[in-house]
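Here is the structure we will look at.
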Amino acid sequence: MSSLGLIRRVAIAACGAFSLLAAVACQNAVGQSASPIRNIEVDVAPLRASAGEPTASWVQRGLPGQLSQALAGHMASQGGTLVVRIDYVTLGANKDGWAQDNISGVATIGGAQRPVRAITRYQASAVDQVMFEESNRRRVTQLMQALAYWIAREI
């Protein structure tokens, strides 16, 4: 075997070993970065001031359950408290049969604050005009589900 062939094989083996070690290190870092959560609190005081009722009550009752479900793998008895403050819920206007809705606020865990936001699209129907409260509640529920999903991905 020529020395060039041997060097090439050693280089390929070294690159493979380095890639494997990097993948394991990255996986361990991702696994360790997840903060365990013991409690979930939702603060809707800013939302109550900006959007009023019944939107604030819907979020106050629904978001903790959505977050508990999305964060089930992060819950631990020795974890910290996740506090999610919701500042705004905006249900967009119907444009060409579609509306863009968003929810925004701040999530705090272990003293670290992160802005959080989720956007959903809603396809309007003729029934929405007659049953606007049920329609709005469905839209807010979709926003809460999207927000819980994104918070779970970030923690």
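The values are calculated or read from the model by the stated rules, or taken from the named source; none is laboratory data. Fair warning: this is a prediction, and the values are worked out from it, not measured in the lab. Quick reminder, even Gly has a Cβ in these numbers, built from the backbone with ideal geometry, and neighbours come from all protein chains shown.
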- Task: Report yes if Thr141 is among the polar types (S, T, N, Q), outside any strand (DSSP E or B) and at pLDDT 95 or above, otherwise no.
- Result: yes
- Among (1) surrounded by 16 or more Cβ atoms within 10 Å (Cβ to Cβ); (2) part of a strand (DSSP E or B); (3) modelled with pLDDT of 95 or more, which single condition is Ala148 missing? (2)
- If a residue has to be within 22 Å of Ala152 (Cα to Cα), assigned to a loop (DSSP other than H, G, I, E, B) and of a type outside the set (Gly, Ala, Ser) to count, how many in region 32-72 make the cut? 3
- Looking at region 109-130, is at least one residue in contact with a Pro (Cβ under 9 Å, 6 or more places away or on another chain) and closer than 16 Å to Val44 by Cβ? no
- Selection within region 94-109 - in contact with a Lys or Arg (Cβ under 8 Å, 6 or more places away or on another chain) and of a type outside the set (A, V, I, L, M): Trp98, Gln100, Asp101, Asn102, Ser104, Gly105, Thr108
